[in-house]
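A short write-up of the structure that comes next.
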Amino acid sequence: MTLKRLSAEGIGPIDPLSVDFGDRVNLITGDNGLGKSLVLDLAFWQLTNSWPGEEALRPMRSASVGSVVDGESAKGVERGASYVLGEQRWVWSKGRPPMSALVIYARANGGFSVWDPARNYYRDSLDPDLGESPRAYLMSQSQVWHGLSGAREGQSLCNGLIRDWVSWQRENRPEFDVLRKLLSALSPSDDELLTPGEPRRLTPDDVQDYPTLRTSYAETPAHQCSEAVRRVLGIAYLIAWTWTEHQRAAGLRGWSEPFKRLVVLVDEIEAHLHPRWQRTILPSLLAAVRSLNAEARVQLIGVTHAPLLLASMEPEFDQQRDRLFVIDLERKTDGSKVRLQPMLFERKGDASAWLTSEVFDLPEAMSIPAERAREKAAMLMAPEANPTVEAYAAVDNELRAVSAEGDVFLMRWRHFGEKHGLVASR
């Protein structure tokens, strides 16, 4: 299953919204507050019939959302819902989503939303004592680590990373093999592998055994690692848990084979990551899915603010299967409009070039004082300008206070001053 098209009217700042996704990697960037996360929320809802958070979106006026989804056997399945203002609820105009992929949404707040067609598609249980299965597994950051309980007393929907990791490792279960492969693939480098250590207890009055990570300098309890490491551990665990539990549920339902497609939604992919890790995280995530099964396929829709992440995709980006989108605020005399536009992915060579491209639209990849000093210098170097020695000296002092030694612009500026007699030749 892949999400081919998403459209919406009357919702959020991007109005109307219309976007055609590629079937592999889709990256969305843009300024804060313009609706990037909303696109991911709507995508999850259209794919699963379930909102990724506890509260459904409630517009202040009539609204509609539509999508086109490709399943394994059915292509171009149209879906849609309208918001009935008088009834304060969403009404689906078309049926259920195609049942052919797992959907995992890593939210910016550290929580996750997971949809499994083998566990969430059939909500009405044959046994009334078991109650209904949830529409989707909605987990806070704490629930990812400590477990998610069901509606029925004593029902456990997910054991959580801490208990699952330890039991998988102690019992040498196949799930631990999957987790270990994912951790290896998502590691920041070959020199900094995310390697499981031995589980251990932390205090005399806590009988819980905790998973650990082994590094060249320490063995650290997983839940005490940095925020960056914990988020990547959460992604690895949720992929392993979703993949292996789906296989088990598919077997219990008597399916001939489980699904091998994933749709992965990630908000702020680079969150908390060091630049060195930002350069590897997206190619690593694609490799991690491939490590599950040779036939595994993924569609990724991610939000990012990181030029290094885009630079890391230059060797990987496939114009036929991948897409880059930019959300911009267009200021006009008759009012401002927020637009989501596809952008041609062109190799820039380095992160600085991405910063000053149309994608991020910064005039200079430097501090604001340095940018302003250069703007003043550029005005004095314009053909129509006639700078005085005093004007040149004032800008020269400002430039040198904010520029690095050997800066190319500073060298051009010095040459300009010497050529026009504004500064003594060296």
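The values are calculated or read from the model by the stated rules, or taken from the named source; none is laboratory data. Please read these numbers as outputs of a predicted model, since none were measured by experiment. Virtual Cβ from ideal backbone geometry, glycine too; neighbours counted across all protein chains shown.
Would you say P174 is loosely packed, with under 14 Cβ neighbours inside 10 Å, over 23 Å from the mean Cα position of the chain (by Cα), within 22 Å of R290 (Cβ to Cβ) and in contact (Cβ under 8 Å) with a residue 24 or more places away in the chain?
In short, yes.
Check off (1) in the same structural domain as S140 (by TED's automatic domain parsing); (2) in contact with a Lys or Arg (Cβ under 9 Å, 6 or more places away or on another chain); (3) modelled with pLDDT of 95 or more; (4) within 26 Å of E72 (Cβ to Cβ) for T212 and give me the number that stays unchecked.
(4)
Quick grid of which residues meet (1) exposed (fewer than 14 other Cβ atoms within 10 Å of the Cβ); (2) not charged (D, E, K, R):
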| residue | (1), (2) |
| --- | --- |
| Q320 | yes, yes |
| L329 | yes, yes |
| K332 | yes, no |
| L340 | no, yes |
| F345 | no, yes |
| T356 | no, yes |
| D361 | yes, no |
| M366 | no, yes |
| R374 | no, no |
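Farther than 17 Å from A8 by Cβ and modelled with pLDDT under 90, is that true of S142?
No.
For region 307-398, please list each of the helices (runs of 4 or more DSSP H) lying entirely inside it that holds at least 2 residues being farther than 30 Å from T2 by Cβ, touching a residue at least 24 places away in the same chain (Cβ under 8 Å) and in contact with a helix residue (DSSP H, G or I) (Cβ under 6 Å, 6 or more places away or on another chain).
Because the criterion is at least 2 residues that are farther than 30 Å from T2 by Cβ, touching a residue at least 24 places away in the same chain (Cβ under 8 Å) and in contact with a helix residue (DSSP H, G or I) (Cβ under 6 Å, 6 or more places away or on another chain), the helices (runs of 4 or more DSSP H) in region 307-398 that meet it are 368-381.
Check A74, A81 and return the single one that is exposed (fewer than 14 other Cβ atoms within 10 Å of the Cβ), in the same structural domain as P16 (by TED's automatic domain parsing) and out of contact with any Leu (no Cβ under 9 Å at 6 or more places or on another chain).
On inspection, the qualifying residue turns out to be A74.
So for region 274-282 (the condition being touching a Lys or Arg at 6+ places or on another chain (Cβ under 8 Å) and not assigned by TED's automatic domain parsing to the domain that holds L183), does at least one residue qualify?
No, region 274-282 has no match at all.
Out of region 210-265, which residues are within 21 Å of Q141 (Cβ to Cβ) and aromatic (F, W, Y)?
Y210, Y237, W241, W243 - these are the residues of region 210-265 that are within 21 Å of Q141 (Cβ to Cβ) and aromatic (F, W, Y).
Within region 252-269, identify whether any single residue is farther than 19 Å from V103 by Cβ, at pLDDT 95 or above, buried (at least 17 other Cβ atoms within 10 Å of the Cβ) and of a type outside the set (G, A, S), and answer yes or no.
So far as region 252-269 goes, no, none of its residues is farther than 19 Å from V103 by Cβ, at pLDDT 95 or above, buried (at least 17 other Cβ atoms within 10 Å of the Cβ) and of a type outside the set (G, A, S).
Which residue pairs have Cβ atoms closer than 6 Å, lie 6 or more positions apart in sequence or on different chains, and pair a first residue in region 227-238 that is closer than 14 Å to H146 by Cβ with a second residue that is assigned to a helix (DSSP H, G or I) and aliphatic (A, V, I, L, M)?
Matching pairs, first to second residue: L233/A222; G234/V144; Y237/L161.
Looking at I14, I28 in this structure, which one is at pLDDT 95 or above, on the phi < 0 side of the Ramachandran plot and not in a helix (DSSP H, G or I)?
I28
If D41 meets every condition in (1) closer than 24 Å to A271 by Cβ; (2) surrounded by fewer than 22 Cβ atoms within 10 Å (Cβ to Cβ); (3) charged (D, E, K, R) apart from one, which number is that one?
(2)
From the list L148, L42, L47, pick out the single residue that is assigned by TED's automatic domain parsing to the domain that holds G234, modelled with pLDDT of 80 or more and out of contact with any Lys or Arg (no Cβ under 8 Å at 6 or more places or on another chain).
L148
For region 46-81, enumerate the residues that are under 22 Å from F112 (Cα atoms) and assigned to a loop (DSSP other than H, G, I, E, B).
Residues satisfying the conditions are N49, S50, W51, P52, G53, E54, E55, A56, L57, R58.
Which condition does G349 not pass, out of (1) modelled with pLDDT under 95; (2) on the phi < 0 side of the Ramachandran plot, if it passes all the others?
(2)
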